[in-house]
Amino acid sequence: MKLATALTERADLQRKMAELGNRLNQNAMVQEGEEPAEAPEELMAELDRVVGRMEELIARINLTNSSTVCGGKSITELLAHRDCLKSRIQVMRDFLDSASNRVRRTTHSEIRIKSTVPVSEIQKEVDALSKELRECDERIQELNWITELC
C-alpha cells in the first residue's frame, strides 16, 4: 500500500469516527418504552474496529514518515518544515495587512499614521516563503505517492 492511500484511508476513518460519535449521541437516550434507532452496543463495537484500524495506520504512517528520507530530510522533518512555513506565512500576511492599512485623514491637522516597515520588501519575503511552501508540499505529495507504507 502506498503512503498516499494510507493517508486517504486515515482521513476516511477520521470521518467515520466523527459520524459514529454523532450516531452514538443520537441514540444515547430514548423515551421510556421506546427503542433507539440504532443499537449503541453495535455502534461501540464498530467504533472499536475503526479505532483499532486507525491506530494501526497511524503507527505505520509515522514509521514510514520517519524512515523515508529525501534530500537529507525525512518526511517527518519535511512535514514539520511545511507546518512552520504555513504558520510563519500566516503571521507575516496578517502583519502586512496591518502595515498596509491606510488611515484616512480628513484635515491636514490630524496626526499622520505611517507604516513602521517596508511593506513591499516584506511582501517579497512572503512570496519567497510561499514558493518554498509550495515546493515543499509538492515534494511531500510526490513522496506520498511513491513511498510504500512500512
Kindly indicate which of THR116, THR5 is among the β-branched types (Val, Ile, Thr), exposed (fewer than 15 other Cβ atoms within 10 Å of the Cβ) and either farther than 30 Å from THR147 by Cα or touching a helix residue (DSSP H, G or I) at 6+ places or on another chain (Cβ under 6 Å) (or both). THR116
Boolean, GLU135 is open to solvent by 50 Å² or more (accessible area, probe 1.4 Å), under 25 Å from GLY71 (Cβ atoms) and in a helix (DSSP H, G or I): yes
Considering each residue of segment 42-76, count those that are open to solvent by 80 Å² or more (accessible area, probe 1.4 Å), of a type outside the set (A, V, I, L, M) and in contact with a helix residue (DSSP H, G or I) (Cβ under 9 Å, 6 or more places away or on another chain), and give that number. 3
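The values are calculated or read from the model by the stated rules, or taken from the named source; none is laboratory data. This one's a predicted model, so the numbers in the text were calculated from it and none came from an experiment. Here the Cβ is made from the backbone with ideal geometry for all residues, glycine too, and neighbour counts use every protein chain on show. Areas reflect the complete protein model, heavy atoms only, side chains present, ligands, DNA and RNA absent. Shrake-Rupley method; radii C 1.70, N 1.55, O 1.52, S 1.80 Å.
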